[in-house]
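First up is the structure itself, then whatever we jot down about it.
The values are calculated or read from the model by the stated rules, or taken from the named source; none is laboratory data. Nothing here was measured: the structure is a model prediction, and the numbers come from that model. All Cβ positions, even for glycine, are placed from backbone atoms using ideal geometry, and neighbour counts span all protein chains on display. In case anyone asks, the SASA skips ligands and DNA or RNA and just uses the protein heavy atoms, side chains included. Shrake-Rupley method; radii C 1.70, N 1.55, O 1.52, S 1.80 Å.
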Amino acid sequence: MTSFRNNSDRLLEVTLQKETVLAIAGSMVAYTGTIKFEKSILGGEGIFGALKRKVTNEGMQLMQASGTGTVFFAQNAAEITVIALSGEKMTIESSSLLAYDTSLKTGTSFAGLRGAVSGQGLFSTTVEGQGSIAVISRGNLIMLEVTPANPLRVDPDAFVGYKGNITQEFVFDVNWRTMVGQSSGESYQHKFSGQGVVFIQPAER
């Protein structure tokens with residue numbers, strides 16, 4: 001697998017040995033060695049996934065870096081967390097995905113009402129297989145466990161992603177915002193049930 005590591009909390013370092021990595025277009029801030037940068041059309045999700053994003057104007061602008069050397073990535077001084085997947089599937093907001101191994105299979109997941117009201121779009125990205133992904137967040141990425149006895153409710157704006165055997169529901173609560181004086185209609189929450197982990201950021205988009 002390609003080597004991903006944090007050079008700092010806001011800088012991703014990827015070491016390539018005649019390998020390729022996919023990342024958000026424009027996120028490269030420095031590199032050493034012999035590296036070739038090209039625009040990536042599909043990003044590993046296939047023609048159908050790319051077409052779905054195209055129709056809804058939600059396409060991810062990706063680039064691929066190939067060769068031998070070290071590439072440094074960053075995005076708007078956001079915090080960066082490297083997550084290793086071992087045959088797992090993770091669902092993540094497209095805007096939170098900085099870079100990932102080309103060995104991973106990506107696709108689209110319908111976000112439904114959560115995406116529509118949060119402004120994040122109708123589709124989230126799914127990442128599956130063996131490899132590493134780099135996730136960006138506003139503040140340190142927080143991992144919260146979900147169990148059958150302890151479902152979790154999350155503000156859609158704070159949601160970043162999840163993995164595990166989890167189901168999602170969109171629920172409304174007229175009290176939780178109005179109690180703190182924010183009666184602007186943002187009384188919706190996202191409920192996660194099952195077994196797994198949910199990733200959130202300590203800030204709203």
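For the reader, a short list of remarks on this structure follows.
- Within segment 144-163, the set of residues being of a type in the set (D, E, K, R) and either at pLDDT below 95 or open to solvent by less than 40 Å² (accessible area, probe 1.4 Å) (or both) comprises Arg153, Asp155, Asp157, Lys163.
- Members of segment 18-42 that are open to solvent by 90 Å² or more (accessible area, probe 1.4 Å) and under 12 Å from Thr68 (Cα atoms): Lys18, Tyr31, Thr34, Lys36
- Residue selected from segment 186-205 under the condition touching a helix residue (DSSP H, G or I) at 6+ places or on another chain (Cβ under 9 Å), not in a strand (DSSP E or B) and not acidic (Asp, Glu), by the criterion modelled with the lowest pLDDT: Arg205
Residue-wise test of (1) assigned to a strand (DSSP E or B); (2) modelled with pLDDT under 95.
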{"site": "Phe4", "(1), (2)": "yes, no"}
{"site": "Gly33", "(1), (2)": "yes, no"}
{"site": "Gly49", "(1), (2)": "no, yes"}
{"site": "Gly59", "(1), (2)": "no, yes"}
{"site": "Met63", "(1), (2)": "yes, yes"}
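- Qualifying residue in segment 116-124 (condition: at positive phi and either modelled with pLDDT under 90 or touching a strand residue (DSSP E or B) at 6+ places or on another chain (Cβ under 9 Å) (or both)): yes
- Qualifying residues in segment 164-185 (those that are among the polar types (S, T, N, Q) and at pLDDT 90 or above) - the one nearest to Val82 (Cα to Cα): Asn165
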